[in-house]
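The values are calculated or read from the model by the stated rules, or taken from the named source; none is laboratory data. No experiment lies behind these values; they were computed from the predicted model shown. Here Cβ is always computed from backbone atoms with ideal geometry, including for glycine, and neighbour counts include all displayed protein chains. All accessible areas refer to the heavy atoms of the entire protein, side chains included, with ligands and DNA or RNA removed. Shrake-Rupley method; radii C 1.70, N 1.55, O 1.52, S 1.80 Å.
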Amino acid sequence: MTAPVYNFAYLDEQTKRMIRRAILKAIAIPGYQVPFASREMPMPYGWGTGGVQVTASIIGPDDILKVIDQGSDDTTNAVSIRKFFSRTAGVRTTTATREATVIQTRHRIPETPLTEDQVLVYQVPIPEPLRFLEPRETETRRMHALSEYGLMHVKLYEDIARHGHIATTYAYPVKVAQRYVMDPSPIPKFDNPKLTDCPALQLFGAGREKRIYAIPPYTPVVSLDFDDHPFEPYRHDAQCELCGAADSYLDEVITDDNGSRMFVCSDTDYCETRRATGKGAQQSAPATEHRS
Amino acid sequence: MTGTDERPLLTIDGLTKWYGRQLGCRDVDFDLYEGEVMAVVGESGSGKSTLLQLLSGQMEPSSGCVVYRQRDGSIADVWQMSEPMRRFLFRTDWGYVHQDAQLGLRMGISAGGNVGERLMAVGWRNYAAIRDSAKSWLDRVEIDSNRIDDTPRTYSGGMRQRLQIARNLVTAPRLIFMDEPTGGLDVSVQARLLDLLRRLVADLNIAAVVVTHDLAVARLLSNRIIVMKAGEIIETGLTDQVLDDPSEPYTQLLVSSILPV
């Protein structure tokens, strides 16, 4: 069987230039959603078609790519996208955050601090933070243009009225560079503080919605809140049972049908690195906790 | 506040709207002073609602101008203002009560959120303060404050209308537009709503333009009245004077066609 011959990184050069122009605009106006002519990609919407197009446009032969899905390097989505680029672009891939120059992510920011030499590419399902409050796209665009963001606080108000605290735990709205309100894609709000003043360039691609936006390096990003209900990142009150980390974002894993569960780092690379350097938790059998 | 300012709050001059070749309204002039309630009456299709939309800056007139005296005393043509200014005015200094409460409310958001939206839009960022303000407004429009977290979907028609009024009045506007505020409500609810409106407007010294086809509403609420027919003002004056002693044949017809109880 003869494999089809692709242009470097799948997309043709004209398309890449078009996407790069959109990216440049996005960087020039932090947080502003730039429309672009999103292409069909050989994967279904919701699998990161936006992120893949952004990655394809910025990646070069010398880049080292890491792809994570909810922090994990070894889920279907992450593995498939890594394979996709190693086949169509022949670039090196890695799972080590420190090594990578381009990191495509679905719904997490790596625990390891990023550097100026890295680019973080987010896969975004719904770029419009006001979508569920104001369904008219013409109206939300006008609201962005005039920075009428009172409505965003109505959502937070509703949270507090209903739950007693701001119950939005992911896709927590932020204001970028004191101007545009932005949906940081469905990252947990635990990750929100990592958005601000980040040395790495952060790009957001929404394929189905045909939007690209960006946070340039060292840009102030503020999570919206009320004076008397300030923003608080959420984290399970536990340690990772594999590496013992007390500062990382944890996944709750159900281990049997009796309600046993364990908490482990959502960022697999962070967890593995810690274990490799001997920071593991007490190496007892997989510690389980029973719910009575 | 310029409480002693004697100049009109709103000056309407030669306001005309054409929908293509179809006339909406023509050459409407009037002044509206602070604390004054003006009723606009006329049959369906006489241009009342067109006029209201022109006045409230929602539709651009074909010719003529709407001049508004702002809080700082400066005078500005609503259609010469920048769009953000106009929208800001609409959210803060003005209110608009729709006939259909569903258009004026966010049906999926709790009553407290509905009332608080305007406050958050002008920069309130203290949850407790917003909630207190919402509570006190629900109280003033006679909605039980226990229902602050219910959505308007669960409210009756009369309550929705009152909620809509609270939502508009929370930023202490100086001018409020009402399009058939009692339309579609049953008579006892209407009476209660009218009572409430009259009290609020008097207490807060709000100027209002009320469009209605119900002369009883005009009589109860308004100081002055405009009678419209085929897009033009045919008679204007003090409400009691016009309704008791109409001079135009059309107004006479209108007054005499009220069904006696």
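For the reader, a short list of remarks on this structure follows.
- Heavy-atom accessible area, 1.4 Å probe, ligands and nucleic acids excluded: residues of the stretch A:204-247 down by at least 10 Å² from chain alone: A:F226, A:D227, A:D228, A:H229
- Extending 7 Å from the Cα toward the beta-carbon at both A:R98 and B:S145 defines two label points whose distance is 5.8 nm.
- Computed Kirkwood radius, in angstrom, where 1/r is averaged over Cα pairs of the protein assembly as shown: 27.3 Å
- Of the listed residues B:R91, B:R199, A:R87, A:R21, the order by accessible area with a 1.4 Å probe, largest first, is A:R87, A:R21, B:R199, B:R91.
- For chain A, the alpha carbon convex hull comes to 166 Å³ per residue, rounded to a whole number.
- The protein assembly as shown, accessible area per residue, ligands and nucleic acids excluded (1.4 Å, Å²): 46 Å²
- Within 10 Å of the Cβ of each residue in B:125-131, the mean number of Cβ atoms contributed by other protein chains is 6.
- For the stretch A:1-126, carbon and sulfur atoms together expose 54% of the accessible surface, with a 1.4 angstrom probe and every protein chain in place.
- A:H163 accessible area, assembled protein chains, probe 1.4 Å, Å²: 110 Å²
- Value of [θ]222 nm, deg cm²/dmol, for chain B, DSSP H segments ≥ 4, -39500 (n - 2.57) each, nearest 500: -11000 deg cm²/dmol
- Taking B:Y155, B:Y68, B:Y19 as the candidate residues, the one with maximal mean-square fluctuation in a Gaussian network model of chain B, Cα springs under 10 Å, is B:Y19.
- Rounded, prolate or oblate (a/c below 1.5 giving rounded, otherwise prolate when a/b exceeds b/c) for the stretch B:102-172 by Cα gyration tensor: prolate
- Grouping the Cα pair distances of the stretch A:101-173 into 10 Å bins from zero gives a pair-distance distribution of 16, 34, 31, 19, 1 percent in increasing distance order.
- Helix-only [θ]222 nm of chain A, DSSP H runs n ≥ 4, -39500 (n - 2.57) each, per residue, nearest 500: -7500 deg cm²/dmol
- Within the accessible area of the stretch A:155-292, the carbon and sulfur atoms contribute 49%, probe 1.4 Å, all protein chains present.
- Share of carbon and sulfur in the accessible heavy-atom surface of the stretch B:50-114 [1.4 Å probe, %]: 50 percent
- With distances taken between every two different alpha-carbon atoms, the stretch A:1-77 has a Kirkwood hydrodynamic radius of 14.2 Å.
- A 1.4 Å probe, protein heavy atoms only, puts the accessible area of B:L243 near 20 Å².
- When all protein chains stay in place and ligands, DNA and RNA are ignored, the 1.4 Å accessible-area order of B:F177, A:F132, largest first, is A:F132, B:F177.
- Interface residues in the stretch A:151-166 - accessible area drops by 30 Å² or more relative to the isolated chain, probe 1.4 Å: A:L151, A:H153, A:V154, A:Y157, A:E158, A:A161
- The HN-Hα couplings worked out from phi for the stretch B:142-147 by the Karplus form 6.51 cos²θ - 1.76 cosθ + 1.60 (θ = phi - 60°) are 6, 10, 4, 6, 5, 9 Hz, whole numbers, x standing for Gly and Pro.
- In summary, the aspartates and glutamates within cross-link reach of B:K229, defined as a Cα separation below 16 angstrom excluding same-chain residues under 8 places away, comprise B:D27, B:D29, B:E43, B:D214, B:E248.
- Antiparallel DSSP beta bridges within the protein assembly as shown, as percent of all bridges there, nearest 5: 55 percent
- Given a 1.4 Å probe and the protein chains as shown, B:S256 ends up with an accessible area of around 90 Å².
- Contact order for the stretch A:198-266, expressed relative to its length and based on alpha carbon pairs under 8 Å spaced 6+ residues apart, stands at 20 percent.
- Chains A and B together bury roughly 1800 Å² of accessible area, counting both sides, with a 1.4 Å probe on protein heavy atoms only.
- Label-point separation in nm, A:T75 to B:N205, each point 7 Å along Cα→Cβ: 6.1 nm
- Ranked from largest to smallest solvent-accessible area, with a 1.4 Å probe on the protein heavy atoms, B:W79, B:W137, B:W124 come out as B:W124, B:W79, B:W137.
- By definition, a body whose alpha carbon gyration tensor gives a ≥ b ≥ c is oblate when a/c is 1.5 or more and a/b is not larger than b/c, and chain B fits this oblate description.
- Filter on A:K155/A:K210; A:K189/B:K135; A:K175/B:K17; A:K210/A:K279; A:K175/A:K279; A:K175/A:K210 - keep pairs with C-alpha separation over 32 Å: A:K175/B:K17; A:K210/A:K279; A:K175/A:K279
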